[in-house]
Amino acid sequence: MGRIQRLDEHLTNMIAAGEVVERPQGIVKELVENSIDANATRIEINLKQGGLEMIEVVDNGCGMDKEDACLAFERHATSKIAKVEDLWSIHTMGFRGEALPSIASVSNLILLTNNGQDSTRIEINYGKMTSARPFPTNQGTQISVGGLFLKTPARLKHLKSPQYENSLVLDVIQKFALSHPEIAFRMSSDGREVFKTTGKGDLLEVIYIIYGKEAAHQAIKIDSEDYDYQLKGAAILPNTSRATKNYITTFINGRMIRNYRIQKAILEGYHDYMPSDRYPIVILDIKMDTQLVDVNVHPSKWEIRLSKEQQLEFLIKDSIESCLRDSMRTREVESLTSSVVKEEKTRVEMQPLFEETTFEARNFYRTSNGSSLTSNQVKDKEEDKTDLKKDDSVIWTVEEKQEEYRPIPQAEERPQEFLNKTSFPSMHVLAQMQGCYILAEGTEGLYIIDQHAAQERVHFEEIQKNFTETNPAMTHLLVPIVVEGTAEIEERLEELNRMLQPYSIQFESFGNNSLMVRELPLWMNQIDEQKFLQDVIDLFKNNHNIRFEELQRHKLATMACHRSIRFNRVLSLEEMQEVIHQLSKCEQPFHCPHGRPTFIHISNAQLIKEFNR
């Protein structure tokens with residue numbers, strides 16, 4: 001008896017802070033979400049030492065009166081929901097009522113707020129309210145967070161360097177700007193402005209500021225829907241790609257999320273257009289009925305659960321494929337001169353961002369009584385910096401984000417609209433180079449065609465057409481193929497065969513949960529039929545659906561590769577022109593099945609520039 005006791009409010013807030021407030025990035029995310037919910041049109045974020053010394057978020061939203069401002073720091077106090085039913089129809093960024101008390105429990109927090117009638121200042125010192133009084137301030141809300149984690153040294157110890165923490169905050173602010181281009185964001189770090197948008201609602205402008213001129217000029221609009229979902233956003237042509245998946249940004253009703261299956265659907269849409277080791281830049285906002293999504297999964301609100309998830313995956317994949325197919329451009333050859341200048345400019349701009357800040361870091365890490373950290377704690381922080389330099393993945397994150405600090409472009413510098421539908425260029429063969437490449441001219445300049453990649457694309461689409469042919473030639477198997485199933489598959493055999501009917505494949509029960517096939521389309525003799533059929537069974541069991549073009553994409557691409565013109569084969573002018581003619585008839589002529597370009601383009605303007613004419 002007496003072993004179980006009720007925890008006090010301050011301790012429960014600190015426990016909750018462990019989930020909500022992991023680092024400065026999480027604090028900024030929660031505060032900015034509150035600003036968005038307050039209908040702010042301008043949001044300013046100011047950091048000192050990556051947020052470890054100070055985080056300040058200022059907005060021009062609706063503000064609060066004194067009573068609401070005090071109540072906001074009580075656990076589970078919120079204006080977003082009022083009853084159980086509201087949990088299934090959440091239209092706001094926040095709703096849990098945990099963020100503000102959690103942040104206040106691990107920091108010294110000052111709130112200034114004005115709702116147009118009442119102006120208030122509240123100060124909370126590590127969970128204890130020390131002041132609440134009238135105070136003159138502008139319309140909106142300003143929250144300053146200082147001394148973060150000074151009373152929770154275990155959490156402080158595991159934070160990275162100020163530069164790294166700063167890059168994480170920048171990343172989340174850029175995501176907010178992409179999902180809300182109608183809001184003007186400004187972020188400064190140690191008094192220096194590092195990011196700013198105008199809030200004019202122009203997504204292309206935000207893409208330009210974050211990803212640069214090339215990405216903005218390669219952007220295509222995503223705008224599609226079905227009965228349950230509406231997709232909005234932008235996809236960057238695969239000519240501009242990245243080395244990681246970090247540039248795929250997804251939102252549900254404006255809320256930034258992380259979802260493996262949505263990300264996978266986006267990558268599948270790019271599969272035919274990009275090599276397997278490269279990743280696209282995509283901004284995708286999914287609009288849907290709030291009752292189809294559960295955002296009450298984790299306090300950080302990055303994770304969600306979706307109804308009709310597979311339907312959404314198919315819509316995303318098909319929409320991106322359609323957008324890319326309609327808007328694909330020939331890959332331009334970048335000028336050697338411009339590449340060197342760009343590299344040198346990037347190196348110079350990034351130089352001061354990686355200067356050592358050892359003494360600054362030591363100066364602002366203080367304990368609650370004002371004394372310096374112990375030598376071991378300082379050593380730990382310095383080891384964090386050493387790790388930052390040795391860890392390539394971390395270096396990439398910081399470098400990429402620091403490179404993206406760009407001023408707002410002038411209107412004439414950025415594209416005014418998304419790319420429109422394009423067509424295959426007219427080409428006239430000039431010659432063959434080294435038995436590998438076809439040289440051709442067109443009205444826009446010089447084209448260089450990879451003869452093997454071009455033929456791969458032609459044969460791949462021919463094989464795909466045979467794969468889905470309505471009445472393909474069939475071959476009766478002298479020895480039927482038997483594959484292993486399960487009791488569940490055998491019970492659903494009729495459903496499976498109905499799904500396979502368009503592909504002229506039918507299974508029969510063979511006892512002991514085994515399935516048998518007596519005949520197959522003739523073209524399948526070029527692949528391992530046994531393995532293919534087993535893959536079909538496994539795919540149906542796990543996903544309750546079958547998309548053959550995904551299952552067999554690699555095998556079909558390999559078949560197309562083996563049937564295509566090899567390098568070092570000399571072609572006549574007529575043969576080369578026929579290669580180009582066949583390529584022009586393809587649905588997607590710009591890339592081979594493995595994502596490599598089939599041809600590249602050197603424009604007339606670039607040739608004139610290179611020859612100094």
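Here are the numbers for this structure:
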{"quantity": "Subset tally (residues that are more than 23 Å from ILE463 (Cα to Cα) and out of contact with any helix residue (DSSP H, G or I) (no Cβ under 6 Å at 6 or more places or on another chain)) for segment 473-488", "calculated": "8"}
{"quantity": "Residue, surrounded by the most Cβ atoms within 10 Å (Cβ to Cβ), within segment 65-78, restricted to residues that are among the acidic types (Asp, Glu) and in a helix (DSSP H, G or I)", "calculated": "ASP68"}
{"quantity": "Filter result (closer than 21 Å to ARG325 by Cα and among the acidic types (Asp, Glu)) within segment 411-452", "calculated": "GLU417, GLU444, ASP450"}
{"quantity": "Test: residue in segment 44-58 that is under 17 Å from THR197 (Cβ atoms), surrounded by fewer than 19 Cβ atoms within 10 Å (Cβ to Cβ) and β-branched (Val, Ile, Thr)", "calculated": "no"}
{"quantity": "Residue among ASN125, ASN138, ASN166 that is at pLDDT 90 or above and surrounded by 18 or more Cβ atoms within 10 Å (Cβ to Cβ)", "calculated": "ASN166"}
{"quantity": "Residue tally, condition touching a strand residue (DSSP E or B) at 6+ places or on another chain (Cβ under 8 Å) and farther than 16 Å from PRO597 by Cα, over segment 414-449", "calculated": "15"}
{"quantity": "Residues (of a type in the set (Gly, Ala, Ser) and without any contact (Cβ under 8 Å) to a residue 12 or more places away in the chain) located in segment 478-532", "calculated": "GLY511"}
{"quantity": "Residue list for segment 45-64, restricted to those being assigned to a strand (DSSP E or B) and under 28 Å from the mean Cα position of the chain (by Cα)", "calculated": "ILE45, ASN46, LEU47, LYS48, ILE55, GLU56, VAL57, VAL58, ASP59"}
{"quantity": "Residue list for segment 509-523, filter: within 16 Å of LEU478 (Cα to Cα) and either part of a loop (DSSP other than H, G, I, E, B) or acidic (Asp, Glu) (or both)", "calculated": "GLU519"}
{"quantity": "Residues that are basic (Lys, Arg), assigned to a loop (DSSP other than H, G, I, E, B) and at pLDDT below 80, drawn from segment 536-590", "calculated": "ARG547, ARG563, ARG566, ARG569"}
{"quantity": "Evaluation of THR443 against (1) at pLDDT 60 or above; (2) within 32 Å of the chain's Cα centre (by Cα); (3) of a type in the set (Ser, Thr, Tyr) (one fails), failing number", "calculated": "(2)"}
{"quantity": "Residue satisfying condition, being modelled with pLDDT of 90 or more and among the acidic types (Asp, Glu), within set ASP294, ASP285", "calculated": "ASP285"}
{"quantity": "Those strands (runs of 3 or more DSSP E) lying entirely in segment 157-254 with at least 2 residues among the basic types (Lys, Arg)", "calculated": "192-196"}
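So that you can scan it fast, the table gives a plain yes or no per residue for (1) part of a loop (DSSP other than H, G, I, E, B); (2) out of contact with any strand residue (DSSP E or B) (no Cβ under 9 Å at 6 or more places or on another chain); (3) surrounded by fewer than 19 Cβ atoms within 10 Å (Cβ to Cβ); (4) among the charged types (D, E, K, R):
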position	(1), (2), (3), (4)
ALA454	no, no, no, no
ARG457	no, no, no, yes
GLU462	no, yes, yes, yes
HIS476	no, no, yes, no
MET499	no, yes, yes, no
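The values are calculated or read from the model by the stated rules, or taken from the named source; none is laboratory data. Predicted model, so just to flag it, every value in this text is computed and none were measured. Cβ atoms come from the backbone with ideal geometry, glycine included; neighbour counts cover every protein chain shown.
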